[in-house]
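A short write-up of the structure that comes next.
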Amino acid sequence: MPSQEVNNPQHSTTFNTTRDRHSPSSMQMIKITCIYSVAFVFGGISSTWAFTCPTSVALRNNELTTNLQGSKWDSLIAEDEEDDLSFNGGPPVPRDMKYNMFNIDRQRNNYESMKAVGGKDLVNDVYARDPESDTFWFVGKVARVSDVPVEKVLARQWPLIEEHAARLRNAELYPKWGSIELWIAPGDSEMDVAYNRPHIQFLQMSRDVEGASSVRNVEIGFAGELYDEGEEGFRTTRTSDGKPMKAEIKSEEEKRQPSEAEMDELMEMLSNQVPSEDD
């Protein structure tokens with residue numbers, strides 16, 4: 001048999017990025033074409049053989065390292081972590097409420113659509129706290145269709161919201177994952193909360209609500225809070241019944257005394273409301 005010599009194959013790889021319209025917004029279909037060339041000697045004749053091997057893989061956006069900017073989610077979700085990560089002893093998590101980018105994106109899109117249609121009347125701010133602390137951390141917002149009560153909205157999305165809170169405040173809440181309390185406030189009430197307005201009272205939600213499992217994920221939404229680099233996060237201190245612990249903060253406009261002109265205008269308005277003797 002004639003002797004033959006095969007050199008080490010050399011190859012080059014090219015990357016062509018294409019988007020699959022059927023893939024979720026957080027995924028990219030990457031077409032990778034590998035071009036191999038093999039030089040060999042057979043029967044005293046040198047030759048080179050080349051072939052290509054194309055393939056396609058689906059990757060999350062934050063797994064693309066070339067010419068892509070890292071997202072705020074990078075600090076919350078590790079690329080190589082297990083999909084079924086959960087706290088020890090916890091109940092099984094519904095597939096559509098597991099903490100992954102597909103579910104996160106879907107619920108955020110639901111939230112934005114519902115708020116655009118229904119306004120803040122169908123929105124609630126969500127706060128999480130360690131049961132042994134009086135600090136409430138703002139962790140996001142929920143939205144719903146009109147015939148779904150907010151108690152079911154929180155219960156149905158509880159695994160997603162609680163895990164987001166635990167990751168967002170990993171020092172304060174992650175050790176309490178599994179026993180974190182979730183509370184709600186009126187939608188877009190952050191300023192009133194910051195000023196300790198007494199009419200804003202938080203309401204504690206329950207993990208288990210009868211009928212919550214029958215709520216479809218398209219009827220509810222959740223937009224989790226995200227931090228910019230260096231941001232400390234919004235928090236408030238509350239009593240065990242959800243009321244502000246500190247005194248109300250009044251603006252300078254609220255503190256100042258009315259001017260003489262404003263008093264005259266007020267007195268005129270009041271006198272106009274008093275019926276005359278002729279009436």
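Taking a sphere under 10 Å around the Cβ of Gly211 and counting the other residues whose Cβ falls inside, with K and R at +1 and D and E at -1, yields a net charge of 0.
The charge dipole of the range 108-244, taken about its Cα centre with unit charges on the Cβ of Lys, Arg, Asp and Glu (plus for the first two, minus for the last two), comes to roughly 280 debye. Ignoring ligands, DNA and RNA, please state the percent of accessible area on the range 153-193 from carbon and sulfur, probe 1.4 Å. With neighbouring chains kept in place, the figure for the range 153-193 is 53 percent. In the full protein context, the range 178-240 carries 52 Å² of accessible surface per residue, based on a 1.4 Å probe and ignoring ligands, DNA and RNA. Local charge for Lys246 was computed over the other residues whose Cβ lies under 13 Å away, with Lys and Arg +1 and Asp and Glu -1, and equals +3.
The values are calculated or read from the model by the stated rules, or taken from the named source; none is laboratory data. In this text the structure is predicted, and so the values were computed from the model without any measurement. In this analysis, Cβ positions are derived from the backbone assuming ideal geometry, glycine residues included, and neighbour counts consider all displayed protein chains. Areas reflect the complete protein model, heavy atoms only, side chains present, ligands, DNA and RNA absent. Shrake-Rupley method; radii C 1.70, N 1.55, O 1.52, S 1.80 Å.
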